[in-house]
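Structure record follows, encoded as structure tokens.
Rule-based calculations on the coordinates, nothing more; no lab input. Please read all numbers here as calculations on a predicted model, not as lab measurements. Virtual Cβ from ideal backbone geometry, glycine too; neighbours counted across all protein chains shown.
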Amino acid sequence: MYLRVDRLQVELPMPSEPDPDAAANVQELLGGRFGEMSTLMNYTYQSFNFRGRKKVKPFYDLIANIATEELGHIELVAATINGLLTGASEGDEVTDAPLKGLKGKGIPHHYINNGLGALATNSLGKGWNGEYVFNSGDLVLDLLHNFFLENGARMAKIRVYESTDHPVARQMLGYLFVRGGVHALAYAKALEELTGVDVKKMLPIPKIPDSAFKEAKQFTDKGMHGKLYRFSPEDFKDISAIWRGEHPIDGTPLEVVDGLPESAGGPADPPEDKAVSSPGLHPEELQEIAQRLISRL
């Protein structure tokens with residue numbers, strides 16, 4: 001089961017200018033082949049279907065724990081997309097065509113079938129596909145796939161980084177560069193334990209360190225590239241059998257941290273948008289209803 005905490009894993013800047021085209025590009029990092037939905041669902045189903053886990057518990061714990069962190073990554077990317085779409089409508093009056101300025105920009109489904117929010121799609125608006133999930137049952141093969149998946153995700157993040165300088169997108173990317181790097185290294189270390197092959201010598205892929213990106217450097221300077229967070233009050237403690245030693249790039253000590261990332265921000269709270277009736281055409285009336293409910297507590 002899961003315990004949800006209503007906070008983003010990192011604080012995002014307040015939206016300034018909308019950028020529907022950047023929102024479309026960031027969608028690739030959510031519902032694309034190498035997006036956060038793919039990392040989440042690959043690791044989640046591998047953990048669900050993990051047979052004989054008691055005999056090889058450190059490896060099960062690693063996959064299951066990283067899967068839980070990926071839930072927060074989906075939330076973070078969705079919040080970024082919402083930020084990039086905030087202010088994209090022009091006015092509140094539905095009869096004044098407040099969405100006409102969005103023609104030819106971004107993904108039309110963001111405002112036609114959705115309330116200017118994130119979609120479970122890639123950058124072309126095509127839905128995420130369950131066939132992206134790979135779960136052979138063979139531990140070495142699944143870990144090798146996960147290593148490949150994390151590095152494919154890093155490639156996509158770098159391409160999106162190159163396509164936008166929007167501060168909301170850049171903050172999210174800087175954080176996920178570092179966290180994705182942790183996951184890639186964790187899978188490399190697990191493969192080394194199982195096979196003796198020093199897979200971590202291949203990192204980083206592409207060959208540019210996280211610290212080269214100013215938005216990521218703020219997190220590497222805090223040593224977050226050496227921290228694997230344990231997202232459970234009592235479980236998954238055996239990840240420390242794998243996540244130990246030093247970071248191969250700069251020697252930062254590797255440590256397992258119990259609890260939420262120290263970078264955690266507040267909850268996502270995108271503002272209302274009457275043009276797409278979100279949360280309703282008359283949000284003040286909805287607020288009155290909510291206040292009446294709260295008064296009962």
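Filter LYS103/LYS214; LYS200/LYS237; LYS157/LYS237; LYS157/LYS222; LYS105/LYS227 down to the pairs with a C-alpha to C-alpha distance above 28 Å, please. Numbers along the way, then the final one.
Values: LYS103/LYS214 34 Å; LYS200/LYS237 23 Å; LYS157/LYS237 30 Å; LYS157/LYS222 21 Å; LYS105/LYS227 39 Å.
Long pairs (Cα-Cα over 28 Å): LYS103/LYS214; LYS157/LYS237; LYS105/LYS227.
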Exercise. Using a Gaussian network for the chain with springs between C-alpha atoms less than 10 Å apart, which of these wobbles most: GLU70, GLU17, GLU150?
Worked result: GLU17
Seminar exercise, completed: For the chain, whose charge dipole is built from +1 on Lys and Arg Cβ atoms and -1 on Asp and Glu Cβ atoms, the candidate among GLY245, LEU99, PRO13 with its Cα farthest towards the positive end is GLY245
Problem set entry | Length-normalised contact order for the chain - Cα pairs under 8 Å, 6+ apart - percent | 26
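Sorted from fewest to most neighbouring beta carbons within 10 Å, what does the list TRP128, TRP243 look like? Can you show the working numbers first?
Details: TRP128 20, TRP243 23.
Exposure proxy ranking, most exposed first: TRP128, TRP243.
At 0.36 nm per residue, and after removing the present C-alpha to C-alpha distance, how many nm does the segment from VAL257 to GLU234 gain when stretched out fully?
Working: separation 23, 0.36 × 23 = 8.28 nm, distance 1.26 nm.
Result: 7.0 nm gained on full extension.
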For this session: Would you mind ranking HIS282, HIS166 by Cβ crowding within 10 Å, fewest neighbours first?
Result: HIS282, HIS166
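Pick out, in residue order, every one of the trypsin sites (Lys or Arg not before Pro) in the stretch 212-246 that is DSSP loop and has at most 16 other C-beta atoms within 10 Å; say none if there are none.
Details: sites: LYS214, LYS217, LYS222, LYS227, ARG230, LYS237, ARG244; in loops: LYS222, ARG244.
Those satisfying the criteria are LYS222, ARG244.
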Problem set entry | Residue exposure sequence - ASP19, ASP138 - by fewest surrounding Cβ within 10 Å | ASP138, ASP19
Exercise. Based on the Cβ-Cβ distance from ARG51 to ARG7, what FRET efficiency comes out when R0 is 35 Å, to the nearest 0.05?
Worked result: 0.50
Exercise. Considering the chain as a Gaussian network with a 10 Å cut-off on Cα pairs, which listed residue, LEU40, LEU124, LEU228, attains the greatest mean-square fluctuation?
Worked result: LEU124
Seminar exercise, completed: Per the chain, sqrt(5λ) over the Cα gyration tensor eigenvalues, sorted largest first, in Å, gives 36, 21, 18
